[in-house]
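Okay, so here's the structure we're looking at.
The values are calculated or read from the model by the stated rules, or taken from the named source; none is laboratory data. All values reported here derive from a predicted model rather than from experimental measurement. No Cβ is skipped: glycine too gets one built from the backbone with ideal geometry, and neighbour counts run over all protein chains shown. SASA here: full protein model, heavy atoms, side chains in, ligands and nucleic acids out. Shrake-Rupley method; radii C 1.70, N 1.55, O 1.52, S 1.80 Å.
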Amino acid sequence: MHVTVRVPAKVNLQLAVGPLREDGYHDLVNVFHAVSLYDEVTAAEPGDPGDSGGPIRVMVRGEGAAEIPTDDGNLAVRAAQALARSAGRSYRADLVIDKAIPVAGGMAGGSADAAGALVACNELWGLGLPAEDLMEIAADIGSDVPFALLGGTAVGTGRGERLTPLETTGVFHWVFALADGGLSTPEVYGECDRLRAAAGHGTPQPVASEPLLAALREGDAEGLGRVLRNDLQPAALSLRPSLARTLRAGRELGSLGAIVSGSGPTCAFLAGSQAHATDLAAALTKETGICRSAVTAFGPVLPSEAVLHRTTAESSTRGRPCDADER
Ligand code: ATP
């Protein structure tokens, strides 16, 4: 039997970074938005139990695959191991990750893969754990993993792992300008702290932006474009100055809003329609030196829109939406 789960990338519509805490984390207000750029995670029973390797093995294909660890450092492997531990048994699985989400691109691809592994292995091993239990395991793996399970649009507080789903209207169209090479999230936070210390003024506690929440509720893309905000952006620009040109190009080409996605270096541009997004992506890739490539996507997307593809010796289902009962 094998189970395939499609997991979305995220963009942060607001990333408000509070003061550095004693535990090394920052208090955040993090408005997550899941978009239609997906990795696929397949979990299968190992073909040959006598094969070498640990009980959870992984193969990675596609976008940036060579940069991703295939040992216990892989977040999907860690997630499957944590799930097996919580079930108190030593389960085995072969994972295959088909990547489309840029690696170290500020779109939480590793967290998405971890969430995908939790859902796929829960199904493969017949554990039937409810969503709340998967959420708890997810929060231990990383701050962005719970949102990858939830999808849609949500505000995260604490380290970003305490989630409240947000009401939104309609669909928002995006262009993502992908860069060559990634940025390390811890380094970007470190640079943020350094820039703040050098500026010498205190950092306020983060609060959610009311105009941003209103624009989401009303489906107001123009209003949303005006209030996108990422406190990590100055740090990402400091570490990768070329991103200033990418953001400027998107603004000059008529995007409704331009922002570095999470810790970067992917830049996100809000468009007014699918056609506008397609034109913007084409214009960004036509100019040289702006980005490696540009992809369009829409949001918010829900995990219930994910493809769950399950094949057993007796049955085969494909392209069927996975509903809450299956999680
Ligand atoms: P975030 O937005 O959550 O800060 P990111 O999108 O910038 O993360 P990821 O693509 O999640 O970055 O990768 C971060 C690091 O995690 C990379 O250096 C990568 O090698 C490692 N990693 C471990 N497992 C995975 C995985 N399954 N997919 C991608 N990266 C992984």
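For this structure, a couple of remarks:
- Fully extended contour minus Cα-Cα distance, from VAL207 to LEU195, at 0.36 nm per residue: 2.3 nm
- Rounded to the nearest 10 Å², the accessible area of PHE32 at probe 1.4 Å: 0
- The trypsin sites (Lys or Arg not before Pro) of region 1-48 that meet both conditions, a loop assignment by DSSP and at most 15 other Cβ atoms within 10 Å of the site Cβ, are ARG21.
- Most to least accessible of LYS99, LYS286 (protein chains only, probe 1.4 Å): LYS286, LYS99
- Residues MET59, MET1 ordered from highest to lowest accessible area at a 1.4 Å probe: MET59, MET1.
- Distant-in-sequence amide H partners of LEU166 (H built 1.01 Å from N, under 5 Å): THR153, ALA154, VAL155
- Rel. contact order, % - alpha carbon contacts under 8 angstrom, at least six apart, the chain: 24
- Within the accessible area of the chain (1.4 Å probe), percent carbon and sulfur: 51
- Candidate residues ARG240, ARG89, ARG245: accessible-area rank, largest first, probe 1.4 Å: ARG89, ARG245, ARG240
- For LEU37, the residues whose modelled amide H falls within less than 5 Å of its own, excluding neighbours fewer than 5 places apart on the same chain, are ALA9.
- Distances between placed amide hydrogens fall under 5 Å for LEU178 paired with ARG292, SER293, ALA294, VAL295, all partners being 5 or more residues away or on another chain.
- Once the C-beta distance of GLU167 and GLU22 is scaled by a Förster radius of 25 Å, the resulting FRET efficiency is 0.10 to the nearest 0.05.
- Computed with a 1.4 Å probe over protein heavy atoms only, the accessible area of GLU218 comes to about 120 Å².
- Solvent-accessible area per residue, Å², over the chain with all protein chains present [probe radius 1.4 Å]: 43
- Positive dipole terminus of the chain, leading residue within VAL155, GLY62, LEU232 (C-beta point charges): LEU232
- Helices meeting the span-like rule in the chain (full DSSP H runs, Cα extent of at least 20 Å along the helix axis, mean Kyte-Doolittle score of 0.0 or higher): 109-124.
- Where a label projected 7 Å from the Cα of GLN274 along Cα→Cβ would reach, residues of region 151-178 with amide N under 14 Å: 171-174
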